[in-house]
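The structure appears below as structure tokens.
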Amino acid sequence: MLRAALLRPWPLIVLVIGLVFFALTLTWWALPLTAATYAALVALAVRDPIFQTLVLEGREKARLLAQSRARQISGQTPKTRARRLREGETRDRLEAALEARERVLVAINGSDEETRNLFAGAVPQLERAAELLVDLAEAREQAPQEERNPGALSAIDAELSRAPERFHALRSEVVRASIESDADARDRAESVRESLDETNRRLRELRASA
């Protein structure tokens, strides 16, 4: 992560400009100013969740997280988007899934610092899961009647119905991890991340076929 942040284009450009300016002018304050600016840009990159996701999980997941953040900034949270759906079974299933997902986040944020650190990587995965579930529900509701794929719609209904139970199981894993030994807690955290990866992969595939 640090190596990737050190080699980002913008910090390197700032570093090169500062060194060239010093070489041409021999102005002593250019060196500490350049170093401080470069260090600040690297520190910001390391703390940026989107950059972390890009480095650790790939460009596609970083893009999805950036979209999620943009929606949050514009007020388009998963709950807001869910409330825009017409009342009915699809909306009810979606809201139940989002509520269960929220309980996982509450369990993570309400645990001790060590457990929160273990599950930090699961938080953006949970955010992506919420966005994908809403995408599926919207696709389910908005697909023109003549273009609907009955098999895909049934699969979406089943996925939305099963989602609350899956999130409840993940919440239980977080709670157990908070009272277990370090090794067992790490194993549970890894299991949760793998489960969310598989869930998000399945949701993306469903969204593509809807």
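Remarks
- Here the range 77-209 is described by how far its Cα atoms reach on the three principal axes: 55, 24, 19 Å, from widest to narrowest.
- Phi-derived couplings, Karplus 6.51 cos²θ - 1.76 cosθ + 1.60 at θ = phi - 60°, listed residue by residue for the range 79-95: 5, 5, 5, 5, 5, 7, 6, 5, 5, x, 5, 4, 5, 4, 4, 5, 5 Hz, with x used for Gly and Pro.
- Scattering profile of the range 148-210 at q = 0.12, 0.15, 0.18, 0.26 Å⁻¹ [log10 I(q)/I(0), Debye over alpha-carbon scatterers]: -0.40, -0.55, -0.69, -1.04
- Taking all Cα-Cα distances within the range 1-54, those exceeding 16 Å account for 41%.
- Cα centroid of the range 75-121 to Cα centroid of the range 145-210, whole Å: 12
- Fraction of accessible area attributable to carbon and sulfur, the chain (%, probe 1.4 Å): 56
- Computed from the C-beta positions of residue 202 and residue 35 and an R0 of 35 Å, the FRET efficiency is 0.15 to the nearest 0.05.
- Residue 17 versus residue 43: modelled label distance in nm, points set 7 Å from Cα along the beta carbon direction: 2.0
- Candidates 164, 32, 150: whichever shows maximal mean-square fluctuation once the chain is modelled as a Gaussian network with Cα springs under 10 Å: 32
- Taking all protein chains into account, the per residue accessible area for the chain stands at 57 Å² (1.4 Å probe).
The values are calculated or read from the model by the stated rules, or taken from the named source; none is laboratory data. Note that this is a predicted model, so its numbers are computed, not measured. Every residue, glycine among them, receives a Cβ derived from its backbone with ideal geometry; neighbour counts consider all protein chains shown. The area values use the complete protein model at the heavy-atom level, side chains included, leaving out ligands, DNA and RNA. Shrake-Rupley method; radii C 1.70, N 1.55, O 1.52, S 1.80 Å.
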